[in-house]
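Okay, structure first, notes after.
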Amino acid sequence: MGFPTERPRRLRGHPLLRALTAETRLCKEQLICPYFVCPGRGVRKPITSMPGQFQFSVDTLVEECQATQQSGLPAVLLFGIPETKDAKGSSGYADDGIVQRAIEAIKERCQNLLVITDVCLCEYTDHGHCGIVSDDPRAGTVDNDATLPLLAAEAVSHAQAGADIVAPSAMMDGQVQAVRNALDERDFPHIPIMAYAAKYASSFYGPFREAAESPPAFGDRRAYQMDPANSDEAMREVALDVAEGADIVMVKPALHFLDIIYRTKQEFGMPTAAYFVSGEYSQIKAAAERGWLDETKAVLESHTAVIRAGADMIITYYARKLADML
Ligand code: PBG
């Protein structure tokens with residue numbers, strides 16, 4: 001059997017024929033738009049390492065979120081740049097913290113927009129690590145278990161402010177369970193957890209460090225983020241997060257980890273998110289600015305690839321641009 005060799009490619013000519021038979025569809029309902037919220041009023045401060053991205057104060061962020069909702073995007077992901085930082089990241093779980101205030105303001109004005117929050121300490125600690133720094137160097141840079149209650153408190157404070165989904169991203173062992181237990185105890189059993197399940201120690205987070213003003217003051221995050229050489233390890237990380245109660249599992253970054261996205265979707269069948277990170281955004285921007293890449297085509301191709309690999313949703317700084325294109 002088999003196909004005749006000289007088979008006409010009838011389905012490839014007209015763009016509508018191609019659209020009709022496309023195996024992968026990218027649509028705006030799959031996209032989540034990340035935002036950085038900072039103190040002040042009327043702030044819209046450009047992030048140099050990420051052209052087209054800004055730090056917003058709460059008031060300007062609300063306007064931005066209204067436009068985001070208007071554009072048909074379903075969700076935003078919030079990162080906070082606090083007024084003060086300390087060793088324990090206490091501004092991260094303060095009731096009047098920057099993210100908490102932003103959530104309240106957005107939920108008041110944008111009823112049709114899901115607010116997801118990044119639950120991590122690196123934006124709020126003066127040393128820039130994702131947890132409490134341990135005094136025992138044998139334990140690695142951070143004290144895993146001492147960090148868990150702080151992440152749980154941060155997630156609860158986000159839920160209290162009105163967050164729809166919390167996304168623990170510190171890569172501490174047991175963080176999903178700690179957050180789940182705390183949410184359930186405080187009467188938030190309905191709030192889903194999007195777990196940064198397979199988070200690699202990646203150079204592609206580079207531009208984010210400027211955006212969130214959170215570079216580690218010493219050392220790096222390799223002690224608690226994953227080695228890009230490993231793929232079975234990612235499956236073990238995802239399995240743990242699913243067992244601990246994750247509702248959505250995330251792979252991060254996206255483009256260099258398409259095989260991880262594929263395996264995660266195949267092996268777990270869970271709602272799967274991919275994070276198209278700062279460096280993946282900025283590399284396209286930089287090349288496009290030089291005229292080396294066609295930005296629109298590169299953005300469509302790369303995001304389609306992430307969906308083709310198995311992601312159900314993409315967190316991407318290109319969300320607004322894609323919303324206009326799709
Ligand atoms: C916080 C966090 C980081 C990113 C998302 N959440 C920084 C890191 O893990 O080092 C990176 C996102 C991006 O690069 O766009 N832990």
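Here are a few things to note about the model shown:
- Residues of the range 166-194 that are open to solvent by 20 Å² or more (accessible area, probe 1.4 Å), over 21 Å from Thr125 (Cα atoms) and either assigned to a helix (DSSP H, G or I) or of a type in the set (Val, Ile, Thr) (or both): Gln177, Arg180, Asn181, Asp184, Glu185.
A quick yes/no check of all residues on (1) at pLDDT 95 or above; (2) within 25 Å of Gln53 (Cα to Cα):
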{"site": "Gln160", "(1), (2)": "yes, no"}
{"site": "Gln175", "(1), (2)": "yes, no"}
{"site": "Met194", "(1), (2)": "yes, yes"}
{"site": "Ala211", "(1), (2)": "no, yes"}
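- With respect to (1) touching a residue at least 12 places away in the same chain (Cβ under 8 Å); (2) crowded, with 17+ Cβ neighbours inside 10 Å; (3) over 19 Å from Ile165 (Cβ atoms), the lone exception for Arg308 is condition (2).
- The range 117-156, subset within 15 Å of the ligand (Cβ to nearest atom) and among the charged types (D, E, K, R), residue farthest from Glu213 (Cα to Cα): Glu154
- Residues in the range 135-147 that are open to solvent by 30 Å² or more (accessible area, probe 1.4 Å) and assigned to a helix (DSSP H, G or I) were compared, and the one that is nearest to Gly89 (Cα to Cα) is Ala146.
- If you go through the range 117-133 and keep only what is in contact with a strand residue (DSSP E or B) (Cβ under 8 Å, 6 or more places away or on another chain) and surrounded by fewer than 24 Cβ atoms within 10 Å (Cβ to Cβ), you end up with Glu123, Asp126, His127, Ile132, Val133.
- Selection of the range 102-134 for residues being among the aliphatic types (A, V, I, L, M), under 19 Å from the mean Cα position of the chain (by Cα) and not in a loop (DSSP other than H, G, I, E, B) yields Ala102, Ile103, Ile106, Leu114, Val115, Ile116, Val119.
- Any hit, the range 120-131, residues being closer than 16 Å to Glu64 by Cα and either at pLDDT below 95 or not aliphatic (A, V, I, L, M) (or both): no
A quick yes/no check of all residues on (1) touching a Ser or Thr at 6+ places or on another chain (Cβ under 8 Å); (2) modelled with pLDDT under 95:
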{"site": "Lys28", "(1), (2)": "yes, no"}
{"site": "Ile32", "(1), (2)": "yes, no"}
{"site": "Cys38", "(1), (2)": "yes, no"}
{"site": "Gly42", "(1), (2)": "yes, no"}
{"site": "Met50", "(1), (2)": "yes, no"}
{"site": "Val58", "(1), (2)": "no, no"}
{"site": "Ala87", "(1), (2)": "yes, yes"}
{"site": "Tyr93", "(1), (2)": "yes, no"}
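- Residues in the range 195-234 that are open to solvent by less than 50 Å² (accessible area, probe 1.4 Å), of a type in the set (Gly, Ala, Ser) and within 11 Å of the ligand (Cβ to nearest atom): 6 in all.
- Residue within the range 173-189 that is in contact (Cβ under 8 Å) with a residue 24 or more places away in the chain, within 14 Å of the ligand (Cβ to nearest atom) and touching a strand residue (DSSP E or B) at 6+ places or on another chain (Cβ under 9 Å) present: yes
- All positions within the range 270-305 that are farther than 16 Å from Gly52 by Cα, within 15 Å of the ligand (Cβ to nearest atom) and open to solvent by 10 Å² or more (accessible area, probe 1.4 Å): Ser302
- Within the set Pro82, Pro74, the sole residue that is in contact (Cβ under 8 Å) with a residue 12 or more places away in the chain and within 20 Å of Cys122 (Cβ to Cβ) turns out to be Pro82.
- When Val156 is tested against (1) open to solvent by less than 20 Å² (accessible area, probe 1.4 Å); (2) part of a loop (DSSP other than H, G, I, E, B), exactly one condition is not met: (2).
The values are calculated or read from the model by the stated rules, or taken from the named source; none is laboratory data. A quick note: this is a predicted structure, and the numbers were derived from the prediction, not measured. A quick note on method: Cβ atoms are made from the backbone with ideal geometry, for glycine too, and the neighbour counts reach across all protein chains shown. Ligands, DNA and RNA are excluded from the accessible area calculation, which covers all protein heavy atoms including side chains. Shrake-Rupley method; radii C 1.70, N 1.55, O 1.52, S 1.80 Å.
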